[in-house]
Amino acid sequence: MNGDAAIILIVEDEPPIRRLLRTTLGAHDYRTLEAATGAEALSALRHHRADLVLLDLGLPDIDGLELIGKIRALAPVPIVVLSSRGDEAAKVVALDGGADDYVTKPFGADELLARIRAALRHRLQEQGAERGFA
Ligand code: CA
């Protein structure tokens, strides 16, 4: 396993979608953590390093938009939101609330991977700028 592989926390309550995400990301050398609820997501972020959060907005225990704020309060980790088709208002609120990007379900693997790469890249650039390297 590549020690430099980015670690992605998958927050999704539907097991088939979680499995699909895990398989897709694993096939592209990402390491994954999984959470089925908002509480699990926050617990995972408290106990593990994650380089990016993939966040389904429709979770059983907490509104996804509220969860974005809680994640933001915990860690400066990029958040890519998974939203349902046509949920334009939720996307806007998610982005305004601190999400970095969103992918609309059903999504293609290539688009998802491209958005993850972009979010990770932006975060690295920000970190470089903060350290005076940019
Ligand atoms: Ca869901």
Among ASP13, ASP87, ASP63, which one shows the biggest mean-square fluctuation in a GNM of the chain, springs joining Cα atoms closer than 10 Å?
ASP87
Give, in nm to one decimal, the length gained when the segment between GLU130 and HIS47 is fully stretched (0.36 nm per residue of separation minus the Cα-Cα distance).
27.4 nm
Residue-wise HN-Hα coupling along segment 102-114, computed from phi with Karplus coefficients 6.51, -1.76, 1.60 (Hz; x: Gly, Pro):
9, 10, 8, 7, x, 10, x, 4, 5, 5, 4, 5, 5
Under 5 Å between amide H atoms, partner at least 5 residues away or on a different chain: which partners does ASP51 have, H built in plane at 1.01 Å?
ILE7, ILE8, LEU9
GNM on the chain, C-alpha springs below 10 Å: top fluctuator among VAL80, VAL93, VAL53?
VAL93
Quick one: which residues, 5 or more positions from TYR102 or on another chain, have an amide H under 5 Å from its amide H? H modelled 1.01 Å from N in the peptide plane, none for Pro or chain starts.
VAL81
Report the residue, chosen from LEU55, LEU95, LEU74, that carries the largest GNM mean-square fluctuation when the chain is represented by alpha-carbon nodes joined by springs under 10 Å.
LEU74
Equivalent ellipsoid semi-axes - Cα gyration tensor, segment 46-134, angstrom
22, 16, 12
Calculated [θ] (222 nm, deg cm²/dmol) that DSSP helices of n ≥ 4 give over the chain, each run adding -39,500 (n - 2.57)
-15500 deg cm²/dmol
In nm, to one decimal, how far is the ALA5 label point from the ALA75 one, both placed 7 Å along Cα→Cβ?
1.7
Beta bridges by DSSP in segment 1-116, antiparallel share as percent, to the nearest 5:
5
At q = 0.13, 0.21, 0.25 Å⁻¹, what base-10 log of I(q)/I(0) does the Debye formula yield for segment 1-89 when every alpha carbon is treated as an equal point scatterer in vacuo?
-0.39, -1.00, -1.35
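Only the coordinates and a few stated rules stand behind these numbers; no lab work does. These numbers were taken from a predicted model, which means no experiment stands behind them. Here the Cβ is made from the backbone with ideal geometry for all residues, glycine too, and neighbour counts use every protein chain on show.
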